[in-house]
Amino acid sequence: MFTTPAIVSDRLYSRHLETIIALVSYLAITSSKSRTAVLMANDLGLEAGEVKTVVETFKALFREAPDPQGGPPYYTLHLRYAMRSQDGKDVEGEAEKSREPISDAKLDSLLRFVVHKSEQETALVVARRSQWISVTCAVIAAMAALVATVG
């Protein structure tokens, strides 16, 4: 009959909304430059597998950096990474070890983006469901009309 592109469920903002909000909020205010998925999961009381899935899936929000010692990768928000100094030094010329939290306005924008994406996905699912119901009803009505004219 009709085919529509499938939405990959692991890539849905709406499926991972609570975890994304927790990670974005955490990474926006932590003094650490970046964190591993396991450390974030431990700090937030979340499942490490869910945290790993989210930071690996939503690359528009989270930046991955390899561990120089070969350990698990580190993650930060793209926004925070963009705000780092270009030479990796703080104002006194020392190597940066931590960062100030991002502003409330920037955090609010990120969270609004995530919630908006989730709402869009939910609306799309509802619209697709409505389309299928409409098509099914139209087919049933056509079949009933056909039976009525034949009989």
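The values are calculated or read from the model by the stated rules, or taken from the named source; none is laboratory data. These figures come from a predicted structure and were not determined experimentally. Using ideal geometry, Cβ is built from the backbone for each residue, glycine included, and neighbour counts are taken over all protein chains shown. Ligands, DNA and RNA are stripped out before the accessible areas are found, and what is left, the full protein with its side chains, is counted by its heavy atoms. Shrake-Rupley method; radii C 1.70, N 1.55, O 1.52, S 1.80 Å.
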How many of the residues making up the stretch 18-74 are charged (D, E, K, R), surrounded by fewer than 16 Cβ atoms within 10 Å (Cβ to Cβ) and either closer than 22 Å to Glu100 by Cβ or more than 12 Å from the chain's Cα centre (by Cα) (or both)? 4
Residues of the stretch 101-112 being open to solvent by 80 Å² or more (accessible area, probe 1.4 Å) and touching a residue at least 40 places away in the same chain (Cβ under 8 Å), in sequence order, are Lys106
Any chance you could count how many residues in the stretch 58-76 are part of a loop (DSSP other than H, G, I, E, B) and touching a residue at least 24 places away in the same chain (Cβ under 8 Å)? 6
I need every pair where a residue in the stretch 123-142 that is more than 22 Å from Arg15 (Cα to Cα) has its Cβ under 6 Å from the Cβ of a residue that is aromatic (Phe, Trp, Tyr) and open to solvent by 60 Å² or more (accessible area, probe 1.4 Å), sequence separation at least 6 or different chains. none
Only one of these conditions is not met by Val135: (1) modelled with pLDDT of 85 or more; (2) assigned to a helix (DSSP H, G or I); (3) open to solvent by less than 80 Å² (accessible area, probe 1.4 Å); (4) among the hydrophobic types (A, V, I, L, M, F, W, C). Which number is it? (1)
For the structure I just gave you, tell me whether Arg15 is at pLDDT below 95, surrounded by 14 or more Cβ atoms within 10 Å (Cβ to Cβ) and either among the hydrophobic types (A, V, I, L, M, F, W, C) or in a helix (DSSP H, G or I) (or both). no
